[in-house]
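Below is one structure, written out as structure tokens, with a few remarks after it.
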Amino acid sequence: MIGKGETGSGKGAADLATEAVRRELGDFAPRVAVVLGSGLGALAETVREARRVPYARIPGFPEPGVAGHTGQLVAGTLAGVPVLVQQGRFHLYEGHSAATAALPVRVFHRLGVTTLVVTNAAGGLRPTFEAGSLMLIADHINLMWRNPLFGPVEPGEGRFPDMSDPYDADLRALARDAAREAKVPLEEGVYAGLLGPSYETPAEIRMLQRLGADAVGMSTVPEVIAARARAMRVLGFSMITNLAAGLSAEKISHEDVLAMGKRVAGDLAKLIQGVLVKL
Ligand code: HPA
């Protein structure tokens with residue numbers, strides 16, 4: 001029987017994708033990978049000596065199907081650190097499995113990446129949040145009812161990885177320092193990951209508030225679980241693009257989410273660069 005991520009040749013999907021990326025990038029050795037959320041594409045433009053690998057050249061990487069998401073890896077340096085930027089992620093609401101959502105992370109690990117930076121657009125649940133707030137992710141709640149580790153154990157991952165320290169405390173401290181230095185207000189809280197793609201109802205938002213969530217989105221959780229299964233250190237930022245359903249009179253639209261993402265992307269870029277220079 002061919003298991004999850006296997007191809008019949010004995011190599012898994014992540015091995016084949018890694019070989020393709022290596023063919024494109026030679027001996028480039030990224031230390032950090034940055035996953036860009038909706039509307040944050042501008043961050044990829046700040047990479048120096050950038051080389052781009054379109055997903056079409058990476059076996060197993062689907063073409064992103066959502067407006068505002070381009071599908072490519074951008075390799076280069078950010079704040080002097082060799083990085084790989086993932087522009088365009090694979091969402092479960094597009095029909096992708098959690099393993100596909102996490103495939104890039106498994107490739108990053110094979111390429112030598114030890115630190116994963118995840119970013120996303122999210123709705124704000126905490127009453128003091130405003131559209132445009134930035135939130136450092138302290139923890140998450142997986143409400144996707146999916147897990148990238150489901151199925152046969154991938155080589156290099158355990159069966160039951162510990163998740164008591166999902167978002168690295170030292171990296172979070174560096175992010176708070178970077179925010180202070182850049183004078184960028186930075187909140188901190190819990191991200192709830194839902195399957196989507198419909199936005200939540202007001203009743204669901206009240207439920208999530210009671211569960212202890214501060215922000216809600218439709219991504220990030222699969223990538224973080226796969227990264228922790230490989231003992232990668234994770235830093236996460238949510239960009240609060242809107243107040244969650246029922247918390248303001250505004251209706252939520254993907255176009256507004258993207259537009260707010262673009263407005264806040266500059267501040268988020270400053271924070272990420274501020275952390276990278278301290279690594
Ligand atoms: N809910 C879920 N996902 C989101 C939201 C939201 O309000 N805003 C941006 N992504």
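The values are calculated or read from the model by the stated rules, or taken from the named source; none is laboratory data. This is a predicted model, so every value here is computed, not measured. Glycine gets a Cβ as well: all are built from the backbone with ideal geometry, and neighbour counts include every protein chain shown.
Laid out as a table, the results:
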item	result
One residue from 136, 116 being in contact with a strand residue (DSSP E or B) (Cβ under 6 Å, 6 or more places away or on another chain) and under 30 Å from residue 59 (Cβ atoms)	116
Residue count for the range 185-198, restricted to those that are surrounded by 18 or more Cβ atoms within 10 Å (Cβ to Cβ) and either over 17 Å from the mean Cα position of the chain (by Cα) or of a type in the set (D, E, K, R) (or both)	2
In the range 196-218, the residues that are more than 8 Å from the ligand (Cβ to nearest atom) and touching a His at 6+ places or on another chain (Cβ under 8 Å)	197
Count of residues meeting criterion [within 16 Å of the ligand (Cβ to nearest atom) and either within 23 Å of residue 153 (Cα to Cα) or not aliphatic (A, V, I, L, M) (or both)] in the range 10-49	4
Residue match in the range 168-186 (condition: out of contact with any Pro (no Cβ under 8 Å at 6 or more places or on another chain) and within 10 Å of the ligand (Cβ to nearest atom))	no
Residue identified as more than 17 Å from the chain's Cα centre (by Cα) and over 17 Å from residue 101 (Cβ atoms) among 237, 150, 160	160
Filtered residue count, the range 17-48, keeping only those that are in contact with a Phe, Trp or Tyr (Cβ under 8 Å, 6 or more places away or on another chain) and surrounded by fewer than 19 Cβ atoms within 10 Å (Cβ to Cβ)	0
Residue check, residue 117 under 30 Å from residue 247 (Cβ atoms), within 16 Å of the chain's Cα centre (by Cα), outside any helix (DSSP H, G or I) and at pLDDT 95 or above	yes
Residue count, the range 120-146 (criterion: within 30 Å of residue 273 (Cα to Cα) and more than 15 Å from the chain's Cα centre (by Cα))	11
The range 240-274, residues that are buried (at least 19 other Cβ atoms within 10 Å of the Cβ) and either near the ligand (Cβ under 9 Å from one of its atoms) or assigned to a loop (DSSP other than H, G, I, E, B) (or both)	240, 241, 242, 243, 244, 245, 257, 260, 261
Residue in the range 91-102 that is surrounded by the most Cβ atoms within 10 Å (Cβ to Cβ), counting only those that are among the aliphatic types (A, V, I, L, M) and within 12 Å of the chain's Cα centre (by Cα)	102
Test: residue in the range 149-170 that is more than 19 Å from residue 228 (Cβ to Cβ) and in a helix (DSSP H, G or I)	no
